[in-house]
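First, the structure itself, so that you have it in front of you.
The values are calculated or read from the model by the stated rules, or taken from the named source; none is laboratory data. All values reported here derive from a predicted model rather than from experimental measurement. Backbone-built Cβ (ideal geometry, glycine too); neighbour counts: all protein chains shown. Surface areas here come from the heavy atoms of the whole protein model, side chains and all, with no ligands, DNA or RNA. Shrake-Rupley method; radii C 1.70, N 1.55, O 1.52, S 1.80 Å.
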Amino acid sequence: ADRMLDMGFEPQIRKIVRQVPPQRQTLFYTATWPKQVRALAYEFMRSPVQVEVGDINSLNANKDITQYVHVTRGPGEKQQMLMRIFQSLEAGSRTLVFTSTKRMADQLGMQLGRQIGSGVIHGDKDQR
């Protein structure tokens, strides 16, 4: 929900909500719970229930996961860095690569699929 608001879809969300029956089940999924999303949730829902997973008062990464940040100056340098990272991994290692768009996920998936093998997951893909 927060991503849809960030992208300016609030008018479309409101239009959809106006056209569905008032007696409905509505689910909001969000990794964060910013004020703007919370306000919409309480406006669109009757007696909402908030389910939280983990400790909401601390923002801690999983201690079993090592995170690295690599700053690059452009797409070419980013691609070279990604390939160096993959080449440095042990055989059988698994990684997650996040992209900002579905299109970029598809493009990167095709490229990596030819070089090292990969899978792509996003909202336009079958999740089975």
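Within the chain, what is the longest stretch that has no chymotrypsin sites (Phe, Trp or Tyr not before Pro) placed in a DSSP loop and near at most 10 other beta-carbon atoms within 10 Å? Walk me through the intermediate numbers first.
Numbers: sites that count: TYR29, TYR68, PHE98.
Formally, the longest exposed-site-free interval is 30-67.
Roll a 1.4 Å probe over the protein chains and send me the accessible area per residue for the chain in Å².
On the way: 11460 Å² over 128 residues.
Each residue of the chain exposes 90 Å² on average to a 1.4 Å probe.
Within 10 Å of each candidate Cβ there may be at most 12 other Cβ atoms; applying that plus a DSSP loop requirement, which trypsin sites (Lys or Arg not before Pro) in region 1-53 survive? It would help to have the intermediate numbers written out before the result.
Details: sites: ARG3, ARG14, LYS15, ARG18, ARG24, LYS35, ARG38, ARG46; in loops: ARG24, ARG46.
Answer in residue order: ARG24, ARG46.
Would the chain count as rounded, prolate or oblate if I go by the C-alpha gyration tensor, calling it rounded below 1.5 in a/c and otherwise prolate when a/b exceeds b/c, oblate otherwise? Let's see the in-between values first.
Details: a/c = 2.48, a/b = 1.89, b/c = 1.32.
Judged from the Cα gyration tensor, the chain comes out prolate (a/c at least 1.5, a/b above b/c).
Another question about this same structure. Would you kindly derive the ³J(HN,Hα) couplings of region 96-104 from the backbone phi angles with the Karplus curve 6.51 cos²θ - 1.76 cosθ + 1.60 (θ = phi - 60°), listing them in order in whole Hz, with x for Gly and Pro?
Ordered by residue, 3J(HN,Hα) equals 10, 10, 9, 10, 7, 9, 5, 4, 5 Hz.
Percent relative contact order of region 19-128, based on C-alpha pairs within less than 8 angstrom and at least six residues apart?
Working: 23 pairs, mean separation 11.5, N = 110.
For region 19-128, the relative contact order is 10 percent.
Can you tell me which lysines have their Cα less than 24 Å from the Cα of LYS125? Leave out same-chain residues fewer than eight positions away.
LYS102
In addition: If each DSSP helix of 4+ residues adds -39,500 (n - 2.57) and the sum is divided by the residues in the chain, what number results at 222 nm, nearest 500 deg cm²/dmol? List each step's numbers first, then the result.
On the way: 5 runs with 53 residues, N = 128.
About -12500 deg cm²/dmol.
Using a 7 Å offset from Cα along Cα-Cβ at VAL51, what residues in region 17-36 end up with backbone N under 14 Å from the label point?
26-31
Using alpha carbons only, how many degrees (0 to 90, rounded to 10) separate the axis of helix 75-88 from the longest principal axis of the chain?
Once rounded, the angle reads 70 degrees.
Dipole magnitude of the chain about its Cα centre, charges +1 at Lys/Arg Cβ and -1 at Asp/Glu Cβ only, in debye to the nearest 20?
Working: 18 positive and 12 negative charges, 76 e Å.
Dipole size: approximately 360 debye.
Continuing with the same structure: Once a ≥ b ≥ c are taken as the square roots of the eigenvalues of the Cα gyration tensor of region 1-46, is the result rounded (a/c under 1.5), prolate (a/b larger than b/c) or oblate (a/b not larger than b/c)?
Verdict is oblate for region 1-46.
In debye, nearest 20, what is the charge dipole magnitude of region 1-58 about its Cα centre with +1 on Lys and Arg Cβ and -1 on Asp and Glu Cβ, if you could check?
Values: 8 positive and 6 negative charges, 74 e Å.
The dipole of region 1-58 has a size of about 360 debye.
Less than 14 Å Cβ to Cβ from LEU112, Lys/Arg counted +1 and Asp/Glu -1: what total charge do the surrounding residues give? All intermediate terms of the calculation are to be shown ahead of the outcome.
Values: positive: LYS78, ARG84, ARG94, ARG114; negative: ASP106.
Charge balance in the 14 Å sphere: +3.
Now for a different question. When the accessible area of the chain is computed with all protein chains present and a 1.4 Å probe, what percentage of it is carbon and sulfur?
Working: 6130 of 11460 Å².
Carbon and sulfur atoms account for 53 percent of the accessible area of the chain.
State, to one decimal in nm, how far the label point of ILE121 lies from the label point of MET4, with both points 7 Å from Cα in the Cβ direction.
Using points 7 Å along Cα→Cβ, the separation is 2.1 nm.
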